[in-house]
Amino acid sequence: MGEVVDAGKKEANGSLADLNPTVVFVLGGPGSGKGTQCANIVQHFGFTHLSAGDLLRAEIKSGSENGTMISNMIKEGKIVPSEVTIKLLERAMLENGNDKFLIDGFPRNEENRAAFEAVTKIEPSFVLFFDCSDEEMERRLLGRNQGREDDNIETIRKRFKVFQDSSLPVIEYYNSKGKVRKIDAGRPVEEVYESVKAIFEPKNEKCCFPAPAPTPAIVTKISDPMSIEANNNNDAGDGGFSIFDQESELFLSLLGLTKYDILKES
Ligand SMILES: Nc1ncnc2c1ncn2[C@@H]1O[C@H](COP(=O)(O)OP(=O)(O)O)[C@@H](O)[C@H]1O
Ligand SMILES: Nc1ccn([C@@H]2O[C@H](COP(=O)(O)OP(=O)(O)O)[C@@H](O)[C@H]2O)c(=O)n1
């Protein structure tokens, strides 16, 4: 199971290079439903959700020396300098210990993107892009009711403009690299999640996580020993036939056995 992170709880250890995490960037306009869908992904796919906006808001609350600057930027819908946001993201990843992160609301401009790549050397596995109309996003933000200082009509309009001018080019950049998974986010939450889930399910070819290591296919019930060689190098069998692929044989050899030892046992 994954979790939602509260910034600044534990001491950070090691380096991101050692951790070499899987990262998915979650992008979309303000109110497109990034946070809502991240909570669903966390529950089902074992990711940790890091919201850049939440980390910045936590930094303001912590009384940090950057607090006033961050607060002023957020009230104006402006993008906080990358070095501040990247430090918070790095710290949160290292403190957390998971190696699979949804990074929500980042990178929001070209500077965010280039600086993150330069500092962390991390390339996202892919970018989940929630596509939603301004009218729908505005309706959602005005009804969000979280007491956020930037959820007022004046700041919302500024945030939409920043999204158009600065964030869409980042999405276009990743699109040119074939990394964008676009979701129609204007639908009800459950419908949006159906599309999201399909992207994260391992069988989906659009999902580019590393494939899980194959488990050696050792089946001890043999009905026809002659089938062993014929089936060699396959990785699945029917009707109780045994398959010894190269990995299985390697695995057995590590135990000091051969496939014939297994045959004798069965
Ligand atoms: N698909 C949806 N349909 C209707 N309302 C939604 C949907 N997704 C999210 N919301 C609501 O819209 C508001 C903004 O969603 P949120 O996930 O906070 O967006 P973001 O993280 O992109 O700013 C919240 O009040 C949320 O409950
Ligand atoms: N990478 C980021 C993310 C958020 N922010 C700031 O935080 C604000 C809120 O971002 P958010 O991701 O929490 O919320 P939404 O605008 O997506 O609803 C943004 O409008 C920016 O002022 C930032 O400066 N840099």
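The values are calculated or read from the model by the stated rules, or taken from the named source; none is laboratory data. Please read all numbers here as calculations on a predicted model, not as lab measurements. Don't worry about glycine lacking a Cβ; one is built from the backbone with ideal geometry, like all the others, and counts go over all protein chains shown.
Brief remarks on what is shown
- Of the residues making up region 75-99, those that are surrounded by fewer than 23 Cβ atoms within 10 Å (Cβ to Cβ), of a type in the set (S, T, N, Q) and free of Cβ contacts under 8 Å to residues at least 60 places away in the same chain number 1.
- There is at least one residue in region 100-112 that is among the polar types (S, T, N, Q), in a loop (DSSP other than H, G, I, E, B), in contact (Cβ under 8 Å) with a residue 12 or more places away in the chain and assigned by TED's automatic domain parsing to the domain that holds residue 172.
- If you go through region 76-126 and keep only what is basic (Lys, Arg) and within 8 Å of ligand 2 (Cβ to nearest atom), you end up with 78, 108.
- Qualifying residue in region 152-171 (condition: within 13 Å of ligand 1 (Cβ to nearest atom), in a helix (DSSP H, G or I), under 21 Å from residue 50 (Cβ atoms) and among the polar types (S, T, N, Q)): yes
- Output for region 130-151, where each listed residue is at positive phi and either outside the structural domain of residue 79 (by TED's automatic domain parsing) or within 10 Å of ligand 1 (Cβ to nearest atom) (or both): 145
- Annotation: residue 92 fulfils all but one of (1) outside any helix (DSSP H, G or I); (2) in contact with a Leu (Cβ under 6 Å, 6 or more places away or on another chain); (3) of a type in the set (Gly, Ala, Ser); the unmet one is (1).
- Residue in region 117-129 that is among the basic types (Lys, Arg), over 22 Å from residue 76 (Cβ atoms) and away from ligand 1 (no atom under 13 Å from the Cβ) present: yes
- For residue 148, the conditions (1) more than 19 Å from residue 49 (Cα to Cα); (2) more than 10 Å from ligand 2 (Cβ to nearest atom); (3) surrounded by fewer than 17 Cβ atoms within 10 Å (Cβ to Cβ) all hold with the exception of (2).
- The test for being within 16 Å of residue 79 (Cβ to Cβ) and loosely packed, with under 15 Cβ neighbours inside 10 Å does not hold for residue 188.
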